[in-house]
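FYI, it's all coordinate maths here, none of it is from the lab. Bear in mind the structure is a predicted one, so any value in this text is a computation, not a measurement. Note: ideal-geometry Cβ built from the backbone for every residue, glycine included; neighbour counts use all protein chains shown.
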Amino acid sequence: MAEIIYEEDGKEPLTIKAEVGVSVMHTLLENGVDVEHACGGFCACSTCHVYILDGGENLSEQEDDEFDRLDKAKGVSLKSRLSCQALVRGGTVRVKIP
Ligand code: FES
């Protein structure tokens, strides 16, 4: 059992059931959260940038390609991930779009 808690300023957090092995981006998109994804999830842009507020250990490890792409995103922090590259491994992950 895995879940994503999606937070947006001024709104109630949204709890979404997540499937293990599926990306944060796909899970959000399938549940009506409009995450930008210019390259379609191929780690070739950085528009799917999200902040992982909690539960980063419940996601797949960050690989070099993602790290390089994130370098070009705006507002990058230690909590940043590309949501198309972050696969849910279980547990709860709290996410916010910058
Ligand atoms: S959608 Fe382009 S890097 Fe994630």
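Residue 37 passes every criterion in (1) closer than 10 Å to residue 88 by Cα; (2) in contact with a Cys (Cβ under 6 Å, 6 or more places away or on another chain) apart from (1). Pairs linking a residue in segment 54-78 that is under 17 Å from residue 24 (Cα atoms) to a residue that is within 15 Å of the ligand (Cβ to nearest atom) and of a type in the set (Ser, Thr, Tyr), with Cβ atoms under 6 Å and 6 or more positions apart or on different chains, are 69/46; 70/80.
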